Amino acid sequence: MFWRRKRPAADFNEEVRVHLQLEADELRRDGLAEAEARAAARMAFGNVTAAEERFYERGRLLWLDHLLQDVRYGLRGMRKSPGFTATVVFTLALGMGANTAIFSLMDAVLLRPLPVKDPASLYFLNNAGAREVGGSPPYPCFERFRALAKSFTGMAAYSSNDHGIRIDGVVEQVDGAAVSDNYFGLLGIAPLAGRLLEAGDERLDPPVAVIGYGFWQRRYGGRPDAIGKTFSLDDRTFTIVGITPKEFYGLTPGRHDDVTMPFTIAGPQVLRSTGSWFFDSIARLRPGVTAEQARAEIDPIFQAFMSEFPVSADARRDYFHQMVVTPASRGLDQLRKRFSRPLWALMAVVGLVLLIGCANITNLLLARSAKREREFAVRVAIGAGRSRLFRQVLVETGLVFAAGAAAGIAVAWFAAQRAIAFFAGGARPILLEVHWDWRVLGFAAGLSLLATLIFGAAPMVRAMRADPHAAMKDGGRTTAPRSRIEMGQFLVAFQVALSMILLAGAALFLRTLNNLYTMGTGFHADQVALILIHLPDPYYHEQATRIALWDRLLAEIRSVPRVRSASLSRMTPMDGNSRGVAFEVPGFQPLSDDDKGIGLNTVSEDYFRTLGTPLLAGRDFTANDRTETAHVALLNDSARRHFFDGRDPVGTVVKIWGRVPYQIVGVVQDARQADLRQPPGPFLYIPIRQPVDQGAFMMLSIRTSGDPLRVMAAVERRARGVGPDIHIVRTDTLARQIDESLLQERLISILATAFGVLALLLSAVGLYGVLAYSVGRRTSEIGIRMTLGALPGQVAWSMVRQTLGLVAIGLAGGVAGSIFLASAAEKLLYGVTPTDTAALAGSTVLLAAVASVASYLPARRAGRIDPVAALRSE
C-alpha cells in the first residue's frame, strides 16, 4: 500500500553508503588516492540526493505528501500570527454560526421529512376551493375514499387536540391525537416498547392508547411499568399499551403528541355527521401511481358526496370545489405557513452578515499576502512552481476558514438553543427539535468551502503572480499594486452597502413591531390575567350545572384581594381562536355567504370592563341575562356599520343560523380579535347564560390593581375550590398572549437588530483595518508631503476624505439595495413602506457616524508621523 514503505529509509541510505565504499575501495586498489577514489565513486553513482528523493517518492502519493506539508506549514503560520488567526476565526465563527443556526431552524421547520417509512409516498387528502386548501372531508366521505379508491395502499385519519386527562388521581393537560387504528401501520412506525394501535383497536371496550416518548419520560420517568397503566378522559378509561419511538412526535411539526387514542373517541354522532370538518386524512400512494392520478380518482367520490349534502354556491366555490392531493412527507404545514417567510428573510440577513465578515477577511488576507511577497518571490526564484504556491495558500486559507467553521458550529449550537427556548416560551409552546445531522453539518462544511474558494481567491491569485525580480530588488521593498488598492476600496464600499441594507431592514422591522404594539386594539392588555378552565363532561354535562358553576366561580374570584373585575368568555383577543356563524338581520340583503357571516363570542357580564373595551350605545350584559329571560346580544361597531348601515340596531331581533333569536341591546367598540394586522370585522357577543351551544372550555379574565402574576396563585386556588375536577389548562396574561401572537414579528425584529449591530461593528473594524493598512503602506509618501510643508491636519483630512468617499458610495448602493430587498419582504412589514424616510435616514446617519469614528483613529496616526523618521526608514 502507498502508505507503507517497502523498506526503511535507513536501510536504503546504508545500502548507498556501502555501495560507494565498495566502489571507492575498488578504485584505491587500482591505484587512486583516497580522496580521488571517493570522488570518482560518487561521480560513477550519480546524484545521491536525487536517488534519495526517488526512493522517498516511490510508493507514495506525492499530492498527499505535499498536502500534509502544506497543512503543517499552515498550522505553524496560524500559531505564529495569533492576532490574525483569532480575528479571522472570530469573524467567521459569528458569520458561519449565524448562518448555520438559522439553517438548523429552517431544517427543523421547513425541510426535515417525517421519521417514517418512505415519507415521499405519503400524501394528505384535502378539500380545496378558490380561497383556501382545507383539511379532510367529513368522516362519511373519508370512509368512501377508503372503500373505493384503488390508488392507495392505505389511508388513515388524524386529529389533534388538547385534553385534560386524569392520571393517578391528578388531572394533567396533554397534547392528544385521535387516529384510525391503521395509522401507525400506514406510517411504518415500530413501537419503542409494547405495541401501537392496530386493526380492531377502534372497537375495543375499554379502549387502549399509546403514549409518546417525551410523555413517558416526563410522567413515568421512562419506567417499563408504564405499559398497562390507565388514565381517564371524560367518562372513559384508557389502558396504555405502547410507547412511540423517541424521534416520532406526530404529524404536526412543533407539537408533540403525548397521548394517541383511537379515532372513535370523537363519538358516533360526530363520525356520522356529514358537516364535521375536523380532521386530516393521510394516505400512501401505490407504486407507479402519480398524485394527479390519485386525485382524479378521489375527486368524483368527493363530488358525489357533496351533491348529496349541498352547500351554497359561494361556499362550494371558495372552500369545497375539489379534492387535492398534497405531499405529506414533512407533516402538516401550519408551522411552515407561519414561519417560512420570516426564516427565509433571516437567512438572507445572516447571509449578508457573512458577506461582510468575509469581505473583512479578504482585506486581511490581501494585507497578509503583501507582507509575504518576498517569501513567494524567493520560492519562485529557487524553482517552486506557481501552482505549488497556489495550493499552499489554498490550504492555509482553508485551514483558517475550517477553524472558523468549527467555531461557528459551537456558536450555532448556542444560538439554536436560544432560538428553541424562544419558540418554546409562553403558554402555548412551539417545540422544535434541531438535529445536528449530516444536513446541518454538511451545510456548515459547504459554506466553509465556498467561502474559502470565493474570498480566498485574491491572495491565491497574488501568490501565483509573484514576481521575483520586482519583489527582491532594493532589498525586497515593494509598493502596493493599484489593483490591490482598488480591490480594498471596493470591499470597503461593499461592506458599507451591506451594512446599510441590514441596518435599514432592522429599523423597518423594529418600526413594524412598534406599530403593532402601539396601534389601537380596542382593549387594554395591561394588568389582565388569563386562566383557561376546562370542565369534564361527567360532572358538568348539564347546562344548568355549568351555569351554576360559572356563577359561583365569578363570585369567588371577584372577592380575591387586588382583583378589580373578572369575567368569563369562550375567546379572548389574540388567543388564536375564532368562530363564525351565519347571521340574519331584518332588512339586510347579503351579497354572498361572507356578507352574512359574523364572529361570535360567548361572554359574561364585566367582560368589556375587564378588557377595557368601551360601550358605545345601549347597555352591557348583567347577571340577570339568564336562560329563562329574553335572549340578548351586543354588536361591535363594525357589525353595526355592515348590517345596519347607520341605523340604530338597539332593539332589533337578529337570528343565529336562522333559528336562534337574540335582541340587540348595545354596541361596543371594535376590538381586534385574531390578528393585529387585520382590521376588526363584524362581531356578535352573547351571554354565557344564554349560549347557542355548550362548551367545556372557558377563559377567565381578571383585571388586577397591580402585577397580574402576583394574584395568579390565589385565583387558581379559589377556582379549584369551586367545584370537583375543575381543570386549569393554562395560565397567562393578556400582554403575553399578544406577545405570542406576534412571535414571528418579534423573532425577526430581535434577530435582524442583533445582526444589524454585528454588521455595523464588522464594517467599522473593516474600515479601520483598511485605512490603517493604507497608512502603513504610505508612510514614506506621508513623510515626503509633510517635509514639503503639508500640515498634520491636512494629511489626516486627506485620509478621512478618501474613506468617507468610499462610505458615501457604499451608502448610496445600500439605500438602493435596502429599498429593493425591503420591497421583496414587504408582507412582513406593517405601517411602514420600504422607502420609509425615518428608517433610511436613521440608518444612514448611524452608519456614517460609526464610519467617521473608525476612520479618524488611523487618520490621526497618519497626521502624527515624524517625516524624518519616515524618510530615514526608506
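The values are calculated or read from the model by the stated rules, or taken from the named source; none is laboratory data. From a predicted model like this one, the values you see are computed outputs, not experimental measurements. All Cβ positions, glycine included, derive from the backbone under ideal geometry; neighbour counts span all protein chains shown. For the accessible areas, the whole protein counts, side chains as well, though only heavy atoms, and no ligand, DNA or RNA atoms are used. Shrake-Rupley method; radii C 1.70, N 1.55, O 1.52, S 1.80 Å.
Of all residues in region 626-650, those being open to solvent by 10 Å² or more (accessible area, probe 1.4 Å), part of a loop (DSSP other than H, G, I, E, B) and either closer than 24 Å to G597 by Cα or of a type in the set (D, E, K, R) (or both) number 9. Within region 606-624, the set of residues being more than 40 Å from the chain's Cα centre (by Cα) and either surrounded by fewer than 21 Cβ atoms within 10 Å (Cβ to Cβ) or farther than 15 Å from L554 by Cα (or both) comprises L615, L616, A617, G618, R619, D620, T622, A623, N624. Criterion applied to R777, R736 was being open to solvent by 10 Å² or more (accessible area, probe 1.4 Å), at pLDDT 90 or above, over 23 Å from S818 (Cβ atoms) and of a type outside the set (F, W, Y), and the one residue passing it is R736.
What number of residues within region 156-206 satisfy the criterion of being assigned to a loop (DSSP other than H, G, I, E, B), in contact (Cβ under 8 Å) with a residue 40 or more places away in the chain and surrounded by 15 or more Cβ atoms within 10 Å (Cβ to Cβ)? Final tally of qualifying residues: 9. Restricting S818, S823 to those that are modelled with pLDDT of 85 or more, open to solvent by less than 40 Å² (accessible area, probe 1.4 Å) and among the hydroxyl-bearing types (S, T, Y) reduces the list to S818. P590 meets the conditions (1) touching a helix residue (DSSP H, G or I) at 6+ places or on another chain (Cβ under 8 Å); (2) open to solvent by less than 70 Å² (accessible area, probe 1.4 Å); (3) in contact (Cβ under 8 Å) with a residue 60 or more places away in the chain in every case but one. The failed one is (3).
Between S567, S499, S578, the distinction of being of a type in the set (S, T, Y), within 27 Å of I738 (Cα to Cα) and open to solvent by less than 20 Å² (accessible area, probe 1.4 Å) belongs to S567 only. Looking at R218, R284, just one residue is touching a Gly at 6+ places or on another chain (Cβ under 6 Å) and either free of Cβ contacts under 8 Å to residues at least 24 places away in the same chain or of a type in the set (K, R) (or both), and that residue is R284. Considering every residue within region 65-84, establish whether at least one is part of a helix (DSSP H, G or I), at pLDDT below 70 and not β-branched (V, I, T). Yes: region 65-84 contains one or more residues that are part of a helix (DSSP H, G or I), at pLDDT below 70 and not β-branched (V, I, T).
For region 134-142, the criterion of being modelled with pLDDT under 95 and out of contact with any Phe, Trp or Tyr (no Cβ under 8 Å at 6 or more places or on another chain) is met by no residue.
Pairs meeting the criteria (first residue in region 376-400 and more than 19 Å from T87 (Cα to Cα), second residue modelled with pLDDT of 70 or more, beta carbons under 7 Å, at least 6 apart or on different chains) are F376/L389; R379/L389; R391/D70; Q392/D70; Q392/Y73.
The residues of region 547-564 that are farther than 15 Å from G721 by Cα and open to solvent by less than 70 Å² (accessible area, probe 1.4 Å), listed by number, are I547, V563. With a requirement of 1 or more residues that are over 30 Å from D314 (Cα atoms), the strands (runs of 3 or more DSSP E) lying completely within region 511-625 that satisfy it span 528-534, 563-569, 597-603, 615-618.
Residues of region 109-127 that are surrounded by 16 or more Cβ atoms within 10 Å (Cβ to Cβ) and among the hydrophobic types (A, V, I, L, M, F, W, C): V109, L110, L114, V116, L122, F124, L125.
Going by the conditions given, is A199 over 32 Å from the mean Cα position of the chain (by Cα), over 27 Å from G267 (Cα atoms) and small (G, A, S)? The answer is no for A199. As a summary of the residue check, L148 satisfies the conditions (1) more than 33 Å from the chain's Cα centre (by Cα); (2) open to solvent by less than 70 Å² (accessible area, probe 1.4 Å); (3) not acidic (D, E) except for the one numbered (2). Of the helices (runs of 4 or more DSSP H) entirely within region 345-461, those holding at least 3 residues that are modelled with pLDDT of 85 or more, open to solvent by 50 Å² or more (accessible area, probe 1.4 Å) and of a type outside the set (S, T, Y) occupy 386-424.
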